[in-house]
Amino acid sequence: MNFFDQLGALFTKYDVLGAFWVNIQLTFWAGLGAFVLGSVLALMRISPVPSLRFVGTAYVHTVRNTPLTILMTLAILGVWTQFQLSFSTNFETNFFVYAVFVLAFYHAAFVCEAIRSGVNTVPVGQAEAARAIGLGFFASARLIIFPQALRGSITPLGNTLIALAKNTTVATVASVAESSGLMKSMIEFDPNMVLAIFFIFAMGFVIIVVPLGVATTRFSRKLAVKR
């Protein structure tokens, strides 16, 4: 078979689009979780309370320097196997939820630093003005600092989302039926088509990642704070 015949045969034999759909779902749900948790961590890191700053800093430095594969393995072999903490009676759903939690837990540290970099772009006078009119720390952060910080951190947040999309392949450790697991099976059963297999999965991630990069660039320019 020529190259294009191999591509057709692979798409017919394997559910390639379904595998990539799992990666997209992992990216979406883990991205939401990472953003929420990362925002809380960023708030803790800029908090005037020393204990909150310590906890936020410890979380970021510990998680960022721990390999994602180890965290994924710990979640399955440690939490699920030892404590039998299940979210569903369906194994596939259960492992998917675990993968989402681990991906969100890991990337929240990077989201936190991305937002904190945006906070550094907000003029000090903004916080001083908020205190002058009687706003407390949380109120000034929610109403004044964070809205401007988010606009200034679109690029690093976009880069974190792109990294998350690529890191969803680690979910294969949690037995999630995503693209990298399928790629391994395809190479095992059809080693004579390895170049076509590589092309499919390389182009698949290009199709996922490039639009994220384009959208990040566009929104960072459109929403940039004018000084």
For the range 9-40, name all the residues that are of a type in the set (A, V, I, L, M, F, W, C) and open to solvent by less than 40 Å² (accessible area, probe 1.4 Å). Ala9, Leu10, Val16, Ala19, Phe20, Val22, Leu26, Ala30, Ala34
Could you name every one of the helices (runs of 4 or more DSSP H) located completely within the range 1-90 that has at least 1 residues being of a type in the set (Gly, Ala, Ser)? 3-13, 16-45, 50-64
Qualifying positions in the range 107-130 - touching a residue at least 40 places away in the same chain (Cβ under 8 Å) and assigned to a helix (DSSP H, G or I): His107, Ala108, Ala109, Phe110, Val111, Cys112, Glu113, Ala114, Ile115, Arg116, Val119
Just to verify a result, which residue in the range 94-130, among those that are among the β-branched types (Val, Ile, Thr) and in contact with a Phe, Trp or Tyr (Cβ under 7 Å, 6 or more places away or on another chain), is surrounded by the fewest Cβ atoms within 10 Å (Cβ to Cβ)? Val97
Out of Leu37, Leu7, I need the residue that is in contact (Cβ under 8 Å) with a residue 24 or more places away in the chain and within 30 Å of Ile115 (Cβ to Cβ). Which one? Leu37
Enumeration of residues in the range 41-68 that are within 22 Å of Val97 (Cα to Cα) and surrounded by fewer than 13 Cβ atoms within 10 Å (Cβ to Cβ): Pro67
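The values are calculated or read from the model by the stated rules, or taken from the named source; none is laboratory data. Not measured: the values here are computed from a predicted model. Reconstructed Cβ throughout: ideal geometry from the backbone, glycine too, with neighbour counts over all protein chains shown. For the accessible areas, the whole protein counts, side chains as well, though only heavy atoms, and no ligand, DNA or RNA atoms are used. Shrake-Rupley method; radii C 1.70, N 1.55, O 1.52, S 1.80 Å.
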